[in-house]
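The values are calculated or read from the model by the stated rules, or taken from the named source; none is laboratory data. Computed from a prediction, not measured in an experiment: that's the story for all the values here. For neighbour counting, all protein chains shown are included, and Cβ atoms are generated from backbone atoms with ideal geometry for every residue, glycine included. Heads up: the accessible areas ignore ligands, DNA and RNA and are worked out on the full protein's heavy atoms, side chains in. Shrake-Rupley method; radii C 1.70, N 1.55, O 1.52, S 1.80 Å.
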Amino acid sequence: MPESFKSIEFIEGTSATVGSVRQFNFPNGFQYKYAKHRIDELDVANFYCKYTTIGGDVLEGKYKCVINETKFYPKGNGCVCKMTTHIHPLPGTEFKEEGPKMGQEKMKKMFKVVEEYLIANPNAYA
């Protein structure tokens with residue numbers, strides 16, 4: 001997904017393990033340069049992941065951190081994804097919903113691209 005990510009670096013740990021920190025670098029011309037995420041909880045059997053954005057210009061100097069929870073639930077022949085975001089603004093910072101809403105819309109678009117790819121390439125995950 002080169003339109004979404006330039007590269008992903010492992011800062012601490014390896015792969016997707018609890019406690020690992022990954023830096024997502026965004027392509028030139030993107031609104032932000034990078035984001036650092038720490039995986040806090042991972043339950044593969046129940047399709048759940050909780051991670052915290054702990055650094056990067058995505059925090060805009062306004063937020064201490066942003067905690068995201070993603071859970072997939074089976075539904076028919078597919079699934080439903082529920083994303084919950086907990087935003088922790090820095091003291092004295094005015095919270096505005098436009099930024100987080102825009103971020104969630106970008107995540108939905110990214111999930112849609114992944115979904116379309118997996119439907120077109122079932123051997124990629126079978």
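Miscellaneous remarks
- Only one of Tyr51, Tyr34, Tyr63 that is touching a strand residue (DSSP E or B) at 6+ places or on another chain (Cβ under 8 Å), open to solvent by 50 Å² or more (accessible area, probe 1.4 Å) and touching a residue at least 12 places away in the same chain (Cβ under 8 Å): Tyr34
- Hits in segment 72-110 (condition: assigned to a strand (DSSP E or B), surrounded by 12 or more Cβ atoms within 10 Å (Cβ to Cβ) and of a type in the set (A, V, I, L, M)): Met83, Ile87
- Some residue of segment 50-61 being over 23 Å from Val114 (Cα atoms) and of a type in the set (A, V, I, L, M, F, W, C): yes
- Sole exception among (1) under 24 Å from Val18 (Cα atoms); (2) out of contact with any Lys or Arg (no Cβ under 7 Å at 6 or more places or on another chain); (3) without any contact (Cβ under 8 Å) to a residue 24 or more places away in the chain for Lys96, by number: (1)
- Conditions (1) in contact with a Phe, Trp or Tyr (Cβ under 8 Å, 6 or more places away or on another chain); (2) under 26 Å from Glu115 (Cβ atoms): number failed by Pro74: (1)
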